[in-house]
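The values are calculated or read from the model by the stated rules, or taken from the named source; none is laboratory data. Predicted model, so just to flag it, every value in this text is computed and none were measured. We place every Cβ from the backbone using ideal geometry, glycine too, and count neighbours over all the protein chains shown. These accessible areas exclude ligands, DNA and RNA; they are computed on the full protein's heavy atoms, side chains included. Shrake-Rupley method; radii C 1.70, N 1.55, O 1.52, S 1.80 Å.
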Amino acid sequence: MSDCIFCKIVAGEIPARKMYEDDEVLAFWDIAPQAPVHFLVIPKKHIAAPVDVLEEDDKVIGKLIRIGAGLAAENGVADGFRVIFNNGRKAGQEVFHIHLHILGGREKPWRM
Ligand code: AMP
């Protein structure tokens, strides 16, 4: 989508601190980290939000978790990290290209 900031990152039109990339998935550090380790894992395909995931997307959505967990381990937080999808503005979603947040490195666990 032409007006989607994460599609622009995928296309290389705006910069990001990339961690991992293949033909389906991109991971990059969050620009405004909420934890010592905070990065995003996205499908290259534009899917706006979790509610828009189709059956054909099941595999790539699972891959986001697998890649995210591996990168969490590589970045020293294998023993504890959060895995979050926000869906909709009321839940805090600001970027409408589905993304998995991985957050780790805090001393105490988050409440939820
Ligand atoms: P959400 O609130 O779930 O939509 O999360 C969007 C996340 O994207 C926030 O944590 C932002 O800090 C992050 N973000 C927005 N723009 C960029 C960018 N250009 N590069 C990296 N992270 C970004």
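Take 27-36, 42-51 and order them by the average number of nearby Cβ atoms within 10 Å per residue, most first; the result is 42-51, 27-36. The lysines within cross-link reach of LYS8, meaning a Cα-to-Cα straight distance under 29 Å and a gap of 8 or more places when in the same chain, are LYS18, LYS44, LYS45, LYS59, LYS63, LYS90.
To the nearest ten degrees, helix 58-74 and the longest principal axis of the Cα atoms of the chain are 40 degrees apart.
Once the chain from ARG89 to ASP52 is taken as fully extended at 0.36 nm per residue, the excess over their C-alpha distance is 11.9 nm. Accessible area per residue for the stretch 5-104 is 55 Å², calculated with a 1.4 Å probe on protein heavy atoms, without ligands, DNA or RNA.
Expressed as a whole percent, the accessible area of the stretch 5-104 that falls on carbon and sulfur atoms is 53 (1.4 Å probe). Per-residue ellipticity at 222 nm, computed for the chain from helices alone with -39500 (n - 2.57) per DSSP H run of at least four residues, works out to -6500 deg cm²/dmol. On the principal axes of its alpha-carbon atoms, the chain has extents of 39, 28, 26 Å, going from largest to smallest. Between TRP29 and SER2, the contour length at 0.36 nm per residue exceeds the alpha carbon distance by 7.5 nm. In this Cβ point-charge picture (+1 for Lys and Arg, -1 for Asp and Glu), the chain has a dipole of about 480 debye about its Cα centre.
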